[in-house]
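What follows is a set of notes on a single structure, which appears directly below.
The values are calculated or read from the model by the stated rules, or taken from the named source; none is laboratory data. Because the structure is predicted, anything quoted here is derived from the model rather than measured. All Cβ positions, glycine included, derive from the backbone under ideal geometry; neighbour counts span all protein chains shown. The area values use the complete protein model at the heavy-atom level, side chains included, leaving out ligands, DNA and RNA. Shrake-Rupley method; radii C 1.70, N 1.55, O 1.52, S 1.80 Å.
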Amino acid sequence: MVNTRQACTLLGISDSYQMGIFRILAGILHLGNVGFTSRDADSCTIPPKHEPLTIFCDLMGVEYEEMSHWLCHRKLATATETYIKPISKLQAINARDALAKHIYANLFNWIVNHVNKALHSAVKQHSFIGVLDIYGFETFEINSFEQFCINYANEKLQQQFNMHVFKLEQEEYMKEQIPWTLIDFYDNQPCINLIEAKMGILDLLDEECKMPKGSDDSWAQKLYNTHLNKCALFEKPRMSNKAFIIQHFADKVEYQCEGFLEKNKDTVYEEQIKVLKSSKKFKLLPELFRDEGKVLSPTSATTSGRTPLSRTVVKPAKTRPGQASKEHKKTVGHQFRNSLHLLMETLNATTPHYVRCIKPNDFKFPFTFDEKRAVQQLRACGVLETIRISAAGFPSRWTYQEFFSRYRVLMKQKDVLSDRKQTCKNVLEKLILDKDKYQFGKTKIFFRAGQVAYLEKIRADKLRAACIRIQKTIRGWLMRKKYLRMRKAAISIQRYVRGYQARCYVKFLRRTRAASIIQKFQRMYVVRKRYQRMQAVTIALQSLLRGYMARNKYQQMLREHKAIIIQKRMRGWLARVHYHRSLKAIVYLQCCYRRMMAKRELKKLKIEARSVERYKKLNIGMENKIMQLQRKIDEQSKEYKSLLEKLTSLENTYSSETEKLRNDVERLRMSEEEAKNATNRVLSLQEEVAKLRKDLHRTQSEKKTIEEWADKYKQENEQLVSELKEQNTLLKNEKEELNRRICDQAKEFTETMEKKLAEETKQLELDLNDERLRYQNLLNEFSRLEERYDDLKDEMNLMVSIPKPGHRRTDSTHSSNESEYTFSSEITEADDLPLRTEEPSEKRTPLDMSLFLKLQKRVTELEQEKQSLQDELDRKEEQALRAKTREEERPPMRGAELEYESLKRQELESENKKLKNELNELQKALMEKSSPEVTAPGAPAYRVLLNQLTSVSEELEVRKEEVLILRSQLVSQKEAIQPKNTMTDSTILLEDVQKMKDKGEIAQAYIGLKETNRQSPQDYHMLNEDGELWLVYEGLKQANRLLESQLQSQKKTHDNELEALRGEIQSLKEENNRQQQLLAQNLQLPPEARIEASLQHEITRLTNENLYYEELYADDPMKYQSYRISLYKRMIDLMEQLEKQDKTVRKLKKQLKVFAKKIGELEVGQMENISPGQIIDEPIRPVNIPRKEKDFQGMLEFKKEDEPKLIKNLILDLKPRGVAVNLIPGLPAYILFMCVRHADYLNDDQKVRSLLTSTINGIKKILKKRGDDFETVSFWLSNTCRFLHCLKQYSGEEGFMKHNTPRQNEHCLTNFDLAEYRQVLSDLAIQIYQQLVRVLENILQPMIVSGMLEHETIQGVSGVKPTGLRKRTSSIADEGTYTLDSIIRQLNTFHSVMCQHGMDPELIKQVVKQMFYIVGAVTLNNLLLRKDMCSWSKGMQIRYNVSQLEEWLRDKNLMNSGAKETLEPLIQAAQLLQVKKKTDEDAEAICSMCNALTTAQIVKVLNLYTPVNEFEERVLVSFIRTIQMRLRDRKDSPQLLMDAKHIFPVTFPFNPSSLALETIQIPASLGLGFILRV
C-alpha cells in the first residue's frame, strides 16, 4: 500500500485524489453488497436504512433516497412522454453490477489518462516495450460469456504464437543455410471464423440483443440452426438445449447460453449516472463522468472490469466527437472483438517474446506435482505444439566456440586445431557416427533430438572418471598425513598415560594397603561392638523369653489347677447327687425290709415275752456285756486321741519338709541357672582368648611386613617429594585458575538467581494481588447481595400486613450467641421451643457472615456430638433391657432391695419432674407478667433470665442422662449381688434353707440330713441293735445346731449386705446433693468455665465408675473387657472436648497470674499513695479514691440496655464534619474499643459479641443510608481501620505488642481472642473502601473528559480543528465549566477530608492511586474513541495536564504511592501522538517506548491520528503494518479499552496508635453521659 501511494505521488496524483480513488474503490465494494427484496415479479425494493447502500452514498456524496429509487426503477422516454417503470430483482442486480463495472472502467480510464499525461514528453517516440498479461485457457463445469471471450482471445493469440514460432524456425534455418522441409502445424483459423466471421457466434449474439424480445433460448436455437452439422468445430450437447460445444485448440468447452444476452448488453441506466454526477461533496466522482465522451474508447469501454487485455492496448483508436452515446450502446462482444483486433495489429507490428507459467498443482501445496494437470496446461498454452514444431527439425543448437568450450574434455591434445570449426567436425565424426543426426551451419551446429543428451552423458562419464582419480590421490595423501599425525599423538598420549597409570597404581597399592589395615581394625571394632550388642540383646531377650515362658507355664499350671479344682468339685457334686439318690433308694429298701423283719421279730418277741424264761436268758450276761462295751469305748477313745496327735505331728513335719524341699528346689534352680551362665561365660572367654592369640600372631607378622614396607616407603617417598613439589606448583596454578572461574561463575549464578528471585517475587506479588482482587470482588458481590436482600426484606415488610397485637421480637444475636457458647450439645428441650418459634425470620437483624459460618460449624459439631451421645444412650438402654431380661429369668431378689431401688429411682424421677415443672411455671409466669418494661422480649432482664432458663433446661438433660446411667448401674448391681460361688455344699444348703417356708419342709430336710450323716452300711445293724433311737435323737440335735449356725451366718451376711446397700444409697444421695451443688455453681459461672467444670466433673465420675466396675467384674474378664471398650470410647470423646478447652485454660491461668501481679502492684501503689489524713477521712468519702485520673484503666463501662443508645449516638446520629474538626481522629473507634475492653475485663462474652455485632450492623446501616456522601464513607473507613488496628494492637499477640509501650501492653485483652472479628472488620473495611472508590468515580467522571482532553490548558496550541470532523456535543450541559484546575481542586478536597478523618497514610496512597487510575483510564478510553483528539497538539496538551497531576503528587508527598505508574498508558499515548512515524527506526522506537499500551491501542491511535496543519502527515498503512509485525510476539490483552471500573486490591497495613487510652476524654457533645470511665 505504501509503494502504491508513493507511485501515485510520483506520477502526480495528489493525496486528496488518492483518497478519492480509495473512496471510489470502497464504494464499488459496498455497492456490490447492496441487496434487493422482491415485491412481486416485476418490482423490487431496497430495505430502509440499508447499511451497504448507506456507506456507498456517504462515500460517493449522493442522496440515499435518489440512489435507492433509481436502483429499483428505470426511465422510459417516448416522443411525447416519459415513464418511470419498476424493474425486477434480477434486472436490478444486473443494473447494480453494470453500474459498478462502469464506475470502475471510468476510474481506470481516468488513471490511465493521468499516467499518460505524467509520462508524456515532447520528443517523438519511435519504439516502446509493452507487457501483455493474458488469461490462460479456461474450462469449468459451468462456462459462460466471460470464458467464451477469454478462450476467443486465446485462440487469436495461439494463432499468432504458432505463426511466430514457425517464422522464427524458418528464419534460423535460412540464416545458417541448413536444408529443411515444410513442417505441418495446427491452424485454428476455422475456430476463429466460427466465432467472429459473418453470421458467426458473436454476430448472432449481437443480432439477438437488438431484438425486442430476444432471449438466450432463441439465440441458442439460431446457433443450432446456423452451425450444427455444418461446422465440425461446433457441437450440441445431448442432454441440453441451452448449451453448445466449441472445439478449441486445447480442448472441447461446453458453454451455457443462460446470461449471454444480459452480459453482452451490460446496460447502465443514465439516471444512475446523473445521480453520481450530482455529487457535490466528492469532486473526483463528477470529474470521471464530466467528459465521458473523451474518456471512453473502444478499448476502455470494453473492459468493464472483466477483460484486462484492453488495458494494455498501446494504440487506442481515435474517437469522434459525439460518438460517446453510440459507443456506450455498443455490445460487450462487439467492443471485445474490436479491442482484440487492435491488440493483434499491435502484436504483429512488434517483436514478441513469450513466458509460459505452469502451476504444479491446483491446491498451492509445496513439493506436489500433478503430471496430468501440467500436461493440460502445456497443451492449453500451445507449448506442446511448439515443441512438436521444433522437434521436427533440429531443436538443439550450439555455436562452435560454445561446443568447443563445453566438450573440450572429450578431445585429445592432438585433435585440437587452430580452426575451431574443423576441430568440432572431427570430434563429432568420431562421437556420432550417424551424420543425419547433426548439421553444420555457418556459425552453429544443429542437433537432432537426443544427441545433446548423448554428448552430455559421454562428458559426464569422462569427468566422473577424472574426479575419481583426483579424489583417490588426494584422499590417500590426506589419510597418510592424518595417520602420521595420529600415530605421533598416540605415542605421546601413551607415554603420558602409562606414566600416570604407573603413578596411580603405586598410589592405589599404597592406599589399598592402608585401607586394608584401617578396614581390619574398623571391622574388628564393628564386629566386637556388634557382638557385644547382640550378646546384651540376646541376654535381655533370653531373660524376657524365659520370664514370659515361666509366666505362661505358671498361668497354665494355675489354669490346670483351677480346672482340676472345678472338675473335683463338679465330680464330687455329681457323685454326691448320685450317692444321695442311690442311698435314698437303698434306705427305702432297707426300711421296707426291716419293717417286714421287724414285724416278724415283733411276733416272736410277743410270743417270747409271755414266757419268764425268756427274761432270764436276756438278763444273763447283760452286765458283762455292758462292762465289755464300756471298756471298748475307752480303748477306742484313747486310740483316737493318739491317732489325732500322730496325725497333727505328721502334718507339721510334712509341711516343714515340703517347705524345705521347695526352698531346696528353688536354690537348686538358681544354682543351675548360675552354672549355665558360668559355663556360657567360660566358653565365650575361651573363644575370645583363642581369637586374641590368633590376632596377636597376625599382628606380629603384619608388624614385620609393615616395618619392611615402611623402609621401602621412605625411600620411595624421598624420590616422589621432588615430583610432588613440581606437581604442587602446577596444581596451585590450576587451583587459582579454577578459583577465579568459580568466582566468576558464582557471580553469574548469584546474578541469575537474584534475577529469578526478583521475577518470582514479582510473580508472587501479582498472584497475591490477583487473589486479593478476587476476594474483594467476592466481598463486593456479597455486600451487593446483602443490600439487595435488605431491600427485598423492606419491601416484604411494607407488603406484609400489620402484625398481630402481642407479637414481640427478640434479639437475633441472642440465639446465635447462645447456640455458639452454651454448654451441652444434647437434645434441646421441647419446652423452650415456643420461645424460639415466636421470632419471625423476616424481622431478625442481619448477622455477620463470618459469625454465621462459625455458628454453622458449631451446629454441625453439636449435631455430631448429639448423635454420638444418642448412640451411647441407646446402647445403655439395650444393656439395661438385657439386664432386665436376665433379672426376670433369675429368681426374684429380696423384697427389701427391690423396694429400695424402686424408691430410689422414683425419687430421682420425681425430683427431675419437679424441677421441670418449676421451669415451666417460671416460663409461664414470665410470659404472663403484666409489666411490659421488664418482661419485654428485648429487655436485658428478660434475656438474662432466658439464658438461665436455657442453661437449667440443658442441665436437666444432663441429669436425665445421669438417671439413665444410674439405672444401668443398679441393674448391674443386681447382677453383682447374686452369690458368687454356687458350687460349695454350704451355699447350696443356705439357698435351700432360704427357700424353706414352714416346719414340714425343715423336718423333711432334717430327715434327709440324718440319713446322709449315717455311718457306712456295715454299722447299720449294730446301731439298730444297740439303740437306734438314741442315735436318731443325737443326729436330730446335731442337725438343729447346724441349722442354727447356718441361719446365723446367713443373717450376718444379710445384715452386711443391707449395711452395704444403705452405705451405697447414702453415697448416691451425697453424690446427688453434690451434683445439685455443682449444678448451682455451674449456673453462676461463665460459659467457658461452666464447660470446663462440667468436663472435669464428668471425668472424675467416670474414673470412680471405672474403679467400681473393675472390682465388680474382677471374676468375669469378658464383661470387664467389653465395659472397658465402651468406657474408653466415652473417655476419648470427653478428652477431645477437654483438649479443646486446654488452650483456653492455659491462657486463663497465664492471665490470672498477670492479673494477680497487677492487683498486687495496684494494692501496693494505693497503700503508698494514701496519706494518714486520707486514711482517717476514708470512712467519710470512700468514693473519691477510684475516681482519680491516674487510676483510669482505659475502659468504658456501659449497661447492657444502653447498647442501642450507644450505637445510635456514636454511629447512626454522628456527623462526620463536626467530629473531624473538633475532636481527635478515630475517636468513635477508640470509644468502641474501650467498651470492648471493659466487657473483656468482665469476661462477658455475650456483651462483647453483642457490642461488636451491633457496631458492624450500625456501620453498614449508616453507609447504606448515606453511602453517596464522600465525607461519611471516608470517616467510617478511617474509624473502621482504626478499630481494626486497636483490636490488633491490644490483642496480646507478640507480633503486635512489640510496637506498644509498657502501659499499652497492660491494656491488652485478657479473656477473649477476637481474631475472627478482626477478619470480619477487615472485610467490612474492604467493602467501605470499594464504596469510597465508587463515590470518587461518580464525582470525577464528569470532570475527566472535559478537564483532561477538551479544555485547552495551553492556549493556541491546538490551532484549527482537522477538516472533515464534526464538532462533538457533550451530554453534560455545563461541560465547559470543568477544567484541569477543577480536577485538582477536587483532588485537594478529597485529600484534605481523608487527612482530617485521620486515615492511614498507606490507605490514602491507595485511594490516590485508584483516583489517578480512573483519570488515566477514562482519558485514554475517550482518546481511543475520538478521532478529533488524536493529533500532535492534543498530545502536547495531555502531556502538560499529566505533568500538572504529577506536580500535585509531589506537593502532597505521594510520588511513592504508585499513582504515577497508573498514568503511564496515557503518557505513552500522548508521546505516541508526538513522535515521528515514518521510518523503521521510528517503528522500533515506538515499540520500545509504548510498553504499557497494548498492540490494539497502539494501532488504534495510529489509525486515528489526524493532521491538523500542513506540517503534519497521516500515518502510512505500511508503517502501521510494520508496527503490527514488530508487536505480533507481544503477549497482551486484545481488549482495546481499559477497564475504568477496575478496583485495585486494597491492603490495611498495621498502624499502631501512640495515643494512651487512659488520656482519652469523651466530649459531652456526643451524648454519651451513660458511659462511665473505669
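So, residue 75, is that one touching a residue at least 24 places away in the same chain (Cβ under 8 Å) and either outside any loop (DSSP other than H, G, I, E, B) or out of contact with any Leu (no Cβ under 9 Å at 6 or more places or on another chain) (or both) or not? In short, yes. Evaluate the range 1524-1537: report whether one residue or more is open to solvent by less than 60 Å² (accessible area, probe 1.4 Å), touching an Asp or Glu at 6+ places or on another chain (Cβ under 9 Å) and not basic (Lys, Arg). For the range 1524-1537, residues open to solvent by less than 60 Å² (accessible area, probe 1.4 Å), touching an Asp or Glu at 6+ places or on another chain (Cβ under 9 Å) and not basic (Lys, Arg): absent.
Of all residues in the range 363-399, those that are crowded, with 16+ Cβ neighbours inside 10 Å and assigned to a loop (DSSP other than H, G, I, E, B) total 5. Of the listed requirements (1) surrounded by fewer than 18 Cβ atoms within 10 Å (Cβ to Cβ); (2) more than 34 Å from the chain's Cα centre (by Cα); (3) at pLDDT below 85, residue 1313 misses just one: (2). Here residue 540 fits the description: closer than 22 Å to residue 673 by Cα and loosely packed, with under 11 Cβ neighbours inside 10 Å. Of all residues in the range 56-72, exactly one satisfies the criterion of being open to solvent by 40 Å² or more (accessible area, probe 1.4 Å) and touching a Leu at 6+ places or on another chain (Cβ under 9 Å), namely 64. Checked against (1) surrounded by 15 or more Cβ atoms within 10 Å (Cβ to Cβ); (2) part of a helix (DSSP H, G or I); (3) of a type outside the set (Asp, Glu), residue 118 meets all criteria but (1). Just one of the listed residues (417, 463, 455) is in a loop (DSSP other than H, G, I, E, B) and over 22 Å from residue 173 (Cα atoms), namely 417. Can you pull out every residue in the range 1-33 that is open to solvent by less than 50 Å² (accessible area, probe 1.4 Å) and within 20 Å of residue 94 (Cα to Cα)? Hits for the range 1-33 are 24, 26, 27, 28, 31, 32. Is it the case that residue 725 is closer than 30 Å to residue 521 by Cα and either aromatic (Phe, Trp, Tyr) or more than 60 Å from the chain's Cα centre (by Cα) (or both)? The answer is no for residue 725. Among residues of the range 753-767 that are farther than 20 Å from residue 1545 by Cα, none has a Cβ under 9 angstrom from a residue that is open to solvent by less than 100 Å² (accessible area, probe 1.4 Å) and not acidic (Asp, Glu) at a sequence gap of 6+ or on a separate chain.
Which one is nearest to residue 467 (Cα to Cα), of the residues in the range 400-426 that are touching a residue at least 24 places away in the same chain (Cβ under 8 Å) and open to solvent by 40 Å² or more (accessible area, probe 1.4 Å)?
Among those that are touching a residue at least 24 places away in the same chain (Cβ under 8 Å) and open to solvent by 40 Å² or more (accessible area, probe 1.4 Å), it is 409.
Residue by residue, here is whether (1) in a helix (DSSP H, G or I); (2) at pLDDT 90 or above; (3) loosely packed, with under 12 Cβ neighbours inside 10 Å holds:
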| site | (1), (2), (3) |
| --- | --- |
| 191 | yes, yes, no |
| 207 | yes, no, no |
| 214 | no, no, no |
| 219 | yes, yes, no |
| 229 | no, no, yes |
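Give the residues of the range 1295-1305 that are assigned to a helix (DSSP H, G or I), out of contact with any helix residue (DSSP H, G or I) (no Cβ under 6 Å at 6 or more places or on another chain) and free of Cβ contacts under 8 Å to residues at least 12 places away in the same chain, sorted by residue number.
So the first thing to find is which residues in the range 1295-1305 are assigned to a helix (DSSP H, G or I), and the list is 1295-1297, 1302-1305.
So of that shortlist, the ones also out of contact with any helix residue (DSSP H, G or I) (no Cβ under 6 Å at 6 or more places or on another chain) come out as 1295, 1302-1304.
Correct list: 1295, 1302.
Restricting the range 234-263 to residues that are in contact (Cβ under 8 Å) with a residue 24 or more places away in the chain and acidic (Asp, Glu) leaves a set whose member that is surrounded by the fewest Cβ atoms within 10 Å (Cβ to Cβ) is 251. Taken residue by residue, the range 1335-1345 has no member that is modelled with pLDDT of 90 or more and in contact with a Leu (Cβ under 8 Å, 6 or more places away or on another chain). Taken together, 139, 82 contain a single residue that is open to solvent by 50 Å² or more (accessible area, probe 1.4 Å) and without any contact (Cβ under 8 Å) to a residue 40 or more places away in the chain, which is 82. Of all residues in the range 118-163, those that are more than 23 Å from residue 266 (Cβ to Cβ) and among the β-branched types (Val, Ile, Thr) total 4.
It is to be established whether one or more residues within the range 1552-1570 are over 30 Å from residue 1202 (Cα atoms), modelled with pLDDT under 90, open to solvent by 60 Å² or more (accessible area, probe 1.4 Å) and part of a loop (DSSP other than H, G, I, E, B). No, there is no match, as no residue in the range 1552-1570 is over 30 Å from residue 1202 (Cα atoms), modelled with pLDDT under 90, open to solvent by 60 Å² or more (accessible area, probe 1.4 Å) and part of a loop (DSSP other than H, G, I, E, B). Residues in the range 392-399: is at least one over 60 Å from the mean Cα position of the chain (by Cα) and farther than 30 Å from residue 154 by Cβ? Yes; the residues of the range 392-399 include at least one that is over 60 Å from the mean Cα position of the chain (by Cα) and farther than 30 Å from residue 154 by Cβ.
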